[in-house]
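Enquirer: Quick one: this structure, given as C-alpha cells, is what I'll be asking you about.
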Amino acid sequence: MTEVSMEKIVSLAKRRGFIYPGSEIYGGLSGTWDYGPYGVELKNNVKNLWWKMFVHEREDMCGVDAAILMNPEVWKASGHVSGFHDPLVEDKKTKKRYRADHVLEENGVDVGGMTLDDMAAAISERKILSPDGNPLSAPKQFNMMFKTQVGPMEDESSISYLRPETAGGIFVNFKNVVDSLHPKLPFGIAQIGKAFRNEIAPRDFTFRSREFEQMEIEYFIKPTDWQPAFEAWRMSVHTFNNAIGISSERVHELEVAAEDRAHYSKRTIDFEFDFPFGRKELYGLAYRTDFDLSAHAKASGVELSIIVDDATGEKLVPHVIEPSFGVDRTVLALLVSAYTEDDLGGETRTYLKFNPAVAPIKAAVFPLLKNKPALVEKAREVYAALKRTTPQIMWDDNGNIGKRYRRQDEIGTPVCITIDFDTLENGTVTVRDRDTGEQERVAIGELAGRIGAAC
Ligand code: ATP
C-alpha cells in the first residue's frame, strides 16, 4: 500500500484529465468539481458496476430516476426543512464561516452527542479561536438545502429545493412502483443521481462537495426482518468494495451512537475509509424504520402500504434498510487505493493500479513507429476491431514507447498492445502488463477475449 498525499492525488487527477476544479477559468466555484475525460469513464464504470450488482443481478430490486426538483412538501415531511442542519460558527473579525463541530474536533474536543449549547460552552471554556486566530461567534444551526424558485413567481409559494439526498425520490415513488410491478416484500428500489448540500466548508477535494452524486437503495422489509436484512446489506457493501478494488485494509466499520444518528435512523453503520486527510465516512448503512413512508403518507394523505397476505388482504407500512453510497467519495477512494509508486527498470514511476473493471481505458494500442505506414495500418486494424467489442480502447502514437507506457500507467490502463514488425510477419503483438511491466507475445485473435475477460 503506497501512502499518498492529497497533493499528489489532486495533481495527478488534474494533469491526467480525471477531475478539474469547477468553472476553473473563472476562478472556480467552491465545492464544485468537473470530471474530465478519464474521470467520467471511471465514474460511469463505478455506477454501472453498482447498478449491475444491485439491480440487474438480483430479482428483488428495480430502479427509478426521479426529478431533482421536488414538491417542497417532500422535504417538510422528511424532516429536512426543520432538521437538516449543520452547526455554524463565524469568525467575528473576518466573517468567515466554519463547521463548529470541525473546529472543535481540530482542537481535540470529542463532539459526539453535543448540543449547540455544549459546543458554545466548549468554545468559551477552552478559549477556542478561528483558524485565523480570532474570536468565534456562538454556534447556530445552518440549513444545508439549496433553495430555489420554481416558475416565474418569486414568492414563498414558488420555493423549492435541490434534493439533498436521492432517497426522497424513491419514497415518493413507492406507491407508483408497487402499483406497476406488484412486488412482494422484501424488495428494493435503487437510484443514482445528483444531490446538493450547501456545505458550510467544502474541503478535502471532492470528499465534501456542494454538488455530488449518490447511489442509494431503499430496501423494503417486514419490521420483524430488519436485523438479518441489515446484516445482508452490511456484507453487500464489502462485496461491492472488493469487486471494484477499494482497498479493504483501508475500510472500517463504525457503529454510530444513538445521539449521533440522523433523525430517521434506529441503527447506522458508517463505512469509513482511510483517506490521506484521515479516517472519514465513505458510505452509510441505516435502518430508517417506517419513518419516511409513514411521514409521507401522513403529509400527502396517500396510503403508502403494501399487502403482505393475499388471502386476508393484510397490509403494512414496510420498514426500510438504506445503504447509501457516494459516487464521488468512491472515485476518490479508488484513486487513493490505486495510487502506486514503484521502481521499474531503475526508474521511479507512478501508476494507478485500478481493477480492470473500473479502469477508464481497458487497453491502449500503439504502432511501434508512427512513420511506418504498414505498422500504422495494421495497428489501426487491431484498434478498430478491439474497439467494436470493448469501446474503452485508446489509440496512442505520440512520443516514444517508453513515454506512452508512462502515460498509460498514470491513467491506470491495464495493458498496452504494440504492433511491431513481427506482427506483420506472424500476426502476434506485444502485450505489456501495467503492474509488472512484463511483455509477452500474443496472437491478435486472442486479444479481444483477453481484454474482455479482465474487465
Ligand atoms: P458527512 O457526515 O461526511 O457529512 P453524511 O453522514 O451527511 O456525511 P449521508 O447523509 O449519509 O452523509 O449521505 C450518504 C453518502 O453521500 C455519504 O456516505 C457520502 O458518500 C455521500 N456524501 C454526503 N455528503 C457529501 C458531500 N458533501 N460531498 C460528497 N459526498 C457526500
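Enquirer: For a quick protection proxy, order the peptides 89-102, 33-46, 15-28 by their average other-Cβ count within 10 Å, most packed first.
Expert: 33-46, 89-102, 15-28
Enquirer: Now, a different point. Pop the C-beta distance of residue 372 and residue 348 into the FRET formula with R0 = 25 Å and round what comes out to the nearest 0.05. Please list the in-between numbers first.
Expert: Details: r = 32 Å, r/R0 = 1.27.
The formula returns an efficiency of 0.20 here.
Enquirer: To continue, here is another question. Counting alpha carbon pairs within less than 8 Å and at least 6 residues apart, what relative contact order, in whole percent, applies to region 361-454?
Expert: Values: 147 pairs, mean separation 29.1, N = 94.
Relative contact order for region 361-454 comes out at 31 percent.
Enquirer: Give the lysines whose C-alpha is closer than 18 Å to that of residue 93, dropping any in the same chain fewer than 8 places away, or say none.
Expert: Partners found: 127, 140.
Enquirer: Cα centroids of region 41-88 and region 361-399: how far apart, whole angstrom?
Expert: Using only Cα atoms, the two centres lie 39 Å from each other.
Enquirer: At a Förster radius of 30 Å, what calculated FRET efficiency corresponds to the Cβ-Cβ distance of residue 5 and residue 436, to the nearest 0.05?
Expert: 0.70
Enquirer: Hey, how much of the P(r) for the chain falls beyond 34 Å, as a percent of Cα pairs? Each step should come with its number before you reach the end.
Expert: Details: 45689 of 103285 pairs.
Tail of P(r) above 34 Å: 44 percent of Cα pairs.
Enquirer: Which order do peptides 170-179, 63-72 fall in by mean Cβ count within 10 Å, highest first?
Expert: In descending order of packing, they fall as 170-179, 63-72.
Enquirer: At 222 nm, what value in deg cm²/dmol follows for the chain if DSSP H runs of at least 4 each add -39500 (n - 2.57) and the sum is divided by all its residues, to the nearest 500? Don't skip to the answer; put the middle values down first.
Expert: Details: 15 runs with 151 residues, N = 455.
So the helix-based figure for the chain works out to -10000 deg cm²/dmol.
Enquirer: Amide H neighbours of residue 272 under 5 Å, counting only residues 5+ apart in sequence or on other chains, H built in-plane at 1.01 Å?
Expert: Hits under the 5 Å cutoff: 252, 253, 254, 282.
Enquirer: For a quick check of your reading of the filter: which trypsin sites (Lys or Arg not before Pro) in region 392-443 sit in a DSSP loop and have no more than 15 other Cβ atoms within 10 Å?
Expert: The qualifying sites: there are none.
Enquirer: Whole number please: convex hull volume per residue, Cα atoms of region 118-183, in Å³. Mind dumping the intermediate values first?
Expert: Numbers: hull volume 13.1 nm³, N = 66.
Per-residue hull volume (Cα only) is 199 Å³.
Enquirer: What is the angle, in °, between the Cα long axis of helix 327-338 and the longest principal axis of the Cα atoms in the chain? Nearest 10 is fine, range 0 to 90.
Expert: Tilt of helix 327-338: around 40 degrees.
Enquirer: 5 Å is the cut-off here: which amide hydrogens, built 1.01 Å from N in the peptide plane, fall below it relative to residue 188, excluding neighbours closer than 5 in sequence?
Expert: Close amide H contacts, sequence-distant or interchain: 61, 62, 220.
Enquirer: With θ taken as phi - 60° and the coefficients 6.51, -1.76 and 1.60, list the Karplus ³J(HN,Hα) couplings across region 77-82 in order, rounded to whole Hz; mark glycine and proline as x.
Expert: 5, 6, x, 6, 5, 8
Enquirer: How much length, in nm to one decimal, is gained on full extension between residue 387 and residue 96, taken as 0.36 nm per residue of separation minus their Cα-Cα distance?
Expert: Values: separation 291, 0.36 × 291 = 104.76 nm, distance 5.13 nm.
So the chain would gain 99.6 nm between residue 387 and residue 96.
Enquirer: Determine ³J(HN,Hα), in whole Hz, for all residues of region 138-145 in sequence, where each value follows from phi through the Karplus function 6.51 cos²θ - 1.76 cosθ + 1.60 and θ = phi - 60°; x replaces Gly and Pro.
Expert: Taking θ as phi minus 60°, the curve returns 5, x, 9, 7, 10, 6, 8, 7 Hz for region 138-145.
Enquirer: Compute the long axis of helix 116-125 from its Cα atoms, compare it with the longest principal axis of the Cα atoms of the chain, and write down the angle in degrees, 0 to 90, nearest 10.
Expert: 80
Enquirer: Next question, about the same structure. Roughly how far apart, in whole Å, are the Cα centres of region 1-23 and region 247-271?
Expert: Centre-to-centre (Cα) distance: 28 Å.
Enquirer: To make sure I understand the rule: partners must be lysines, Cα under 27 Å from the Cα of residue 387, and not fewer than 8 residues away in the same chain. Which ones qualify?
Expert: 14, 43, 47, 52, 353, 362, 370, 372, 378, 403
Enquirer: Under a Cβ-only charge scheme (Lys and Arg +1, Asp and Glu -1), can you give me the dipole magnitude of region 361-454 about the Cα centre, in debye to the nearest 20? Display every interim value, and only then the final one.
Expert: Numbers: 15 positive and 14 negative charges, 67 e Å.
Charge dipole of region 361-454: 320 debye, to the nearest 20.
Enquirer: Go through 255-265, 196-206 and give me the packing order, highest mean Cβ count within 10 Å leading. Intermediate results must be reported in sequence, preceding the final value.
Expert: Details: 255-265: 13.5, 196-206: 18.7.
Descending packing order for the listed peptides: 196-206, 255-265.
Enquirer: Sticking with this structure for a sec: When a/c is below 1.5 the answer is rounded, else prolate if a/b is larger than b/c, else oblate, so apply that to region 361-454 with a ≥ b ≥ c taken from the square roots of the Cα gyration tensor eigenvalues. Present the calculation step by step, with values, prior to reporting the outcome.
Expert: Numbers: a/c = 1.38, a/b = 1.10, b/c = 1.25.
The shape class here is rounded.
Enquirer: Here's a follow-up. Please give the direction-averaged projected area of the C-alpha convex hull for region 99-224, in square nanometres with one decimal.
Expert: Numbers: hull surface 50.4 nm².
Projected over every direction and averaged, the Cα hull of region 99-224 covers 12.6 nm².
Enquirer: Also, quick follow-up: For region 383-396, in order, what is each residue's ³J(HN,Hα) by Karplus, 6.51 cos²θ - 1.76 cosθ + 1.60 with θ = phi - 60°, in whole Hz (x at glycine and Pro)?
Expert: Here the 3J(HN,Hα) series is 4, 5, 5, 5, 5, 5, 9, 10, x, 7, 10, 10, 9, 8 Hz.
Enquirer: Which aspartates and glutamates have a Cα less than 19 Å from the Cα of residue 147, not counting those fewer than 8 places away in the same chain?
Expert: 73, 86, 155, 156, 165, 199, 211, 213
Enquirer: Relative to the longest principal axis of the chain, what angle (0 to 90°, nearest 10) does the C-alpha long axis of helix 37-51 take?
Expert: Tilt relative to the chain: about 60 degrees.
No lab work stands behind these numbers, since they all come straight from the coordinates. What you see is a predicted model; the values in this text were computed from it and never measured. Virtual Cβ from ideal backbone geometry, glycine too; neighbours counted across all protein chains shown.
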